[in-house]
Amino acid sequence: MDTRLSDYMVSDKRTAYKEYDMMLICLERIIQNLDEGVILTDKNGKILIYNKAMEELEKRKASDMIGKYIWEAYEYYDKDKSEHMRVLKSGQAIVKRYKAHAYNDDRPVYKLYSTFPIEVDGEIIGVYSVSKNETRLQFLLSEITEMKNELFKQKALKPDQVNSNGTKFTFADIIGSSKVMKKLIEEAQAVAWLDNTILLVGDTGTGKEVFAQSIHNYGNRSSEPFVAINCASIPENLLESTLFGTVKGAYTGAVDSPGLIEEAGCGTLFLDEIHNMPVNMQAKLLRALQEKTVRRIGGSENYPVRCRIISAVNEDPFELIQKEQLRQDLYYRIAGYSLYIPLLIERENDMFELAQYFIKKNNLVLNKNVSHITDKLKRLMANYSWPGNVRELEHFVESIMIRTNENDRYLRARNAPKYLIDMMKANRGNYYELKDSSNSTLDEKLDRIEKKLILEALDNNLWNVTRSAKELGITRQSLIYRMRKLGIKRKKSLEG
């Protein structure tokens, strides 16, 4: 029951207002001393309350937050991307979401939170979020992470060996020691224990399904099935029956058959390239996920949706929404947590670690004895953009090894397909610029070049971040992260 000022209207109005003011003071003290972080915004999106626990969680000051519009305080630059504004508009609460909204020293601050509307007389007058302090949980997860890492290293699957749950990969199979990959794996391992839906964002060949399988095998659903479908490879007229199932007689040739959602049971359903699913089918999937039930085509019985949904896209999801390839409401349903998988060229020296892994793998298959890569080939590889990422690198190494003499211990450029070498030579650039640079460290040189390229792209696109990211061939989220890291700030004349 709502408590209102009228409830305090006794014979003396002064006493009523005094008691009401006292209640407000007490509530404010209570909010400030809660262990959970609390943030409240009014119907215009202006921040009214930001308590001490929230200051601790996000490493920000209340004085810097209160009075600002929430989308400005969190640097969204688009109020429609603010969850508070979405809840204000829809009236629907967002419950138990694990996500980062704030950054501390360019590192995302993840927290478990719920966001609720405040409705009075049929009108939503504000929105508040309650965020839990997960410090202890994070500590325990880190310990479990280390123990599981050791376990996976000891029990790593052999190449192409299929596990009983339908998977081939665990986190132990992800090659690379770059900072960006280590951090990504830590995030993926932490979210594996939660029941959030997950959206994997990454270009073709970056390893989205490897991460999806690894998350499944790391969490508490590992003994359940992992079921994957590429939404681009199934004809539109078959996609609905594939996902939802059919009953006999629903159409000519139809038989009683469960859909993939049923087959996944309490496991994981991986929807790759979900943006290639027809928009009308996206609406049907959204309804199934919202209602947590599914009905076979031609049937009358509803089946519960018990599986976890992991989806993947190979473009910036917000661009896909703008192009109307991905429904916005479906995006918010499947992106309970988003993981951005970097391009191969963003992963420091991981390329050569991966190349060595593929060399060892092909030595066994092709009966070769390669152990090194020539310096010439390394230079060409380092300057190539690798649009196909890890998958292209694997095919590249394999194609050279097929042409390599049995007694040759080196991977050589002369054994690569001519068209690839020509493409690599045409793509020369940063290596020679770095070589002739000053005596600064390699990281400093790379940062200077990266900053120069980003500033050029931003200037070319009037500081439109989405278009600049597309020109640079990276995701919008990746560009924002790099701008923060390199200290690139939006021009004040362009800020709204």
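Values in this text are rule-based calculations from the coordinates and carry no lab data. All figures in this text were calculated on a predicted structure; none of them were measured in a lab. A quick note on method: Cβ atoms are made from the backbone with ideal geometry, for glycine too, and the neighbour counts reach across all protein chains shown.
A compact table of results
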item: Ratio Rg/Rh [Cα only; Rh per Kirkwood] for the stretch 303-375; result: 1.21
item: The stretch 257-315 - Kirkwood radius from inverse mean 1/r over Cα pairs (Å); result: 12.1 Å
item: Per residue, the convex hull volume that the Cα atoms of the stretch 345-428 enclose (Å³); result: 81 Å³
item: For the stretch 41-99, Kirkwood radius (reciprocal of mean inverse C-alpha pair distance, Å); result: 12.1 Å
item: Residue 464/residue 68 FRET efficiency (R0 35 Å; Cβ-Cβ; nearest 0.05); result: 0.90
item: Which of 381, 423 has the fewest Cβ neighbours within 10 Å, and the rest in rising order; result: 423, 381
item: Quotient of C-alpha Rg and 2.2 N^0.38 Å, computed over the stretch 34-132; result: 1.00
item: The stretch 187-287: chymotrypsin sites (Phe, Trp or Tyr not before Pro) in DSSP coil with no more than 15 other Cβ atoms inside 10 Å; result: 251
item: Equivalent ellipsoid, the stretch 137-342 (semi-axes from 5 times Cα gyration tensor eigenvalues, Å); result: 30, 20, 15
